[in-house]
Amino acid sequence: MTVLVTGGAGFIGANFIFYWLRTHPGDRVVCVDRLTYAGNLSTLTEVLERPEFRFVRADIQDREAMDRLFGEEHPDVVVNFAAESHVDRSIEDPEIFLRTNVMGTAVLLDLCRKYKTSRFHQVSTDEVYGDLPLDRTDLRFTEETPLRASSPYSASKASADLLTLACWRTYGQPVTVSRCSNNYGPFQFPEKLIPLMIANALQDKTLPVYGTGRNVRDWLYVEDHCRAIDVILEKGRLGEVYNIGGDHEMENIALVRRICQELGRPESRIAYVTDRKGHDLRYGIDAGKLRQELGWRPAVSFDEGLRQTIRWYLEHRSWWENIVSGEYRDYYEKMYGGR
Ligand code: NAD
Ligand code: TYD
């Protein structure tokens, strides 16, 4: 079987490629990635030379390039990770989010129809549901919760989900959608909360917590997300949405304190900074459908996953230091300079 993974030079896509090659020997994996600021070919070093793996640098919005690739590879399955993925960037500049996340998905769906691909899987996010109030811990997102996206990022992801599901209804196209909570693990770009805090702590920089730090996120170790997608590809019902969650909600401030503790850094490094515009209060995800229908549950506890992640950033300093010292710095200055 040939699996086309888009966005595979990014955090979750790369982890998915490693996972797939390990657990599905004999399958061919083709990765297409535009290598934006968030894509890093060095992440894929360990698989680049393997005969069953192919990397293609291309933009998923580029219909001609994608048509050529589909014609060459005739993928059985397409898993669409490629996206602009950072909320703060979407607040600064929404357009690229619509181009990649919506138009890019549209191109892939068209080609999957043209080449009769057996499955298109859209990797989505719990952020499409908007947020939940902090004082209603009884509420959680189910697959039936109405979409109420707050940021340009989540609005673009919600649009892509709707288009994917519309293709099922209109053309009977074989699709599935998964909506996952916040991931963490190796190779996450150090603009997201956990790797940013680890990298800053290791460089003895301040740890910038937005607003009150009371916002709540649900955390899932990246490999558990990869396994959930595998289970959905294998046993999921076509045209269905599956929530994926870690059942581990935490206030941001508690998480940052925990990272200080693990790294032996003083909490005095924490600095409360201006809040994110439209900052979602709480994400709480009910993954009961995936658990009951398909038998998936997280295998890695938060304690274990966080320790492994911290160890990985300690042992792979050059991976993130290259990022921190490069183009990323300008972006960082822009986001945090006057904050
Ligand atoms: P990431 O930003 O680390 O990686 C995105 C990858 O997509 C990069 O390699 C980038 O170069 C590539 N890309 C961007 N635009 C492209 C284009 N036009 N054509 C081809 N490639 C392009 O993101 P991530 O955290 O790995 O997230 C992957 C997917 O999972 C996204 O769709 C995201 O919405 C979703 N998701 C992420 C999380 C999370 O916590 N990170 C949670 C739920 C869902
Ligand atoms: P992030 O990793 O950007 O993921 P998302 O916004 O998609 O959930 O942020 C996670 C939470 O951490 C979110 O509530 C914003 C907060 N945050 C900070 O407090 N400081 C930071 O420097 C960053 C990047 C995020």
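Brief remarks follow.
- Filtering segment 105-143 to residues that are in a helix (DSSP H, G or I), within 18 Å of V3 (Cβ to Cβ) and in contact with a Ser or Thr (Cβ under 8 Å, 6 or more places away or on another chain) leaves T105, L108, L109, L111.
- Selection from segment 102-139 of residues that are basic (K, R) and either within 16 Å of ligand 2 (Cβ to nearest atom) or closer than 17 Å to V175 by Cα (or both): R113, K114, K116, R119
- Exclusive hit being out of contact with any His (no Cβ under 8 Å at 6 or more places or on another chain), farther than 27 Å from D280 by Cβ and within 11 Å of ligand 1 (Cβ to nearest atom), set L41, L4: L41
- Residue satisfying condition, being within 18 Å of the chain's Cα centre (by Cα) and of a type in the set (D, E), within set D67, D33: D33
- Residue in segment 46-64 that is under 27 Å from V128 (Cα atoms), in a helix (DSSP H, G or I) and more than 14 Å from ligand 1 (Cβ to nearest atom) present: no
- Failed item, numbered, when N243 is tested on (1) buried (at least 18 other Cβ atoms within 10 Å of the Cβ); (2) more than 16 Å from ligand 2 (Cβ to nearest atom); (3) not in a helix (DSSP H, G or I): (2)
- Qualifying residue in segment 60-83 (condition: surrounded by 16 or more Cβ atoms within 10 Å (Cβ to Cβ), within 16 Å of ligand 2 (Cβ to nearest atom) and not acidic (D, E)): yes
- All of R169, R148, R140 fail the test of being in contact (Cβ under 8 Å) with a residue 12 or more places away in the chain and buried (at least 21 other Cβ atoms within 10 Å of the Cβ), apart from R140.
- Residue match in segment 174-187 (condition: without any contact (Cβ under 8 Å) to a residue 40 or more places away in the chain, crowded, with 20+ Cβ neighbours inside 10 Å and out of contact with any helix residue (DSSP H, G or I) (no Cβ under 7 Å at 6 or more places or on another chain)): no
- Whichever residue in segment 282-301 is surrounded by fewer than 20 Cβ atoms within 10 Å (Cβ to Cβ) and in contact with a strand residue (DSSP E or B) (Cβ under 7 Å, 6 or more places away or on another chain) and, among such residues, is nearest to G211 (Cα to Cα): D286
To keep it simple, each residue is scored yes or no on (1) hydroxyl-bearing (S, T, Y); (2) modelled with pLDDT under 95; (3) touching a Leu at 6+ places or on another chain (Cβ under 9 Å).
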position	(1), (2), (3)
R136	no, no, no
E143	no, no, no
L147	no, no, yes
S150	yes, no, no
D161	no, no, yes
T164	yes, no, yes
C167	no, no, yes
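- N183 vs. criteria closer than 22 Å to N40 by Cβ, more than 15 Å from ligand 1 (Cβ to nearest atom) and either of a type in the set (S, T, N, Q) or not in a strand (DSSP E or B) (or both): no
- Checked against (1) exposed (fewer than 15 other Cβ atoms within 10 Å of the Cβ); (2) within 23 Å of D218 (Cα to Cα); (3) within 16 Å of ligand 2 (Cβ to nearest atom), D93 passes all but a single condition, namely (2).
Residues are listed down the side, and each one gets a yes or a no for (1) under 18 Å from M103 (Cβ atoms); (2) at pLDDT 95 or above; (3) in contact with a strand residue (DSSP E or B) (Cβ under 9 Å, 6 or more places away or on another chain):
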position	(1), (2), (3)
G8	no, yes, yes
G13	no, yes, yes
W20	no, yes, yes
T23	no, yes, no
D59	yes, yes, yes
M66	yes, yes, yes
F70	yes, yes, yes
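The values are calculated or read from the model by the stated rules, or taken from the named source; none is laboratory data. What you are looking at is a predicted structure, and each value in this text was computed from that prediction instead of being measured. Note: ideal-geometry Cβ built from the backbone for every residue, glycine included; neighbour counts use all protein chains shown.
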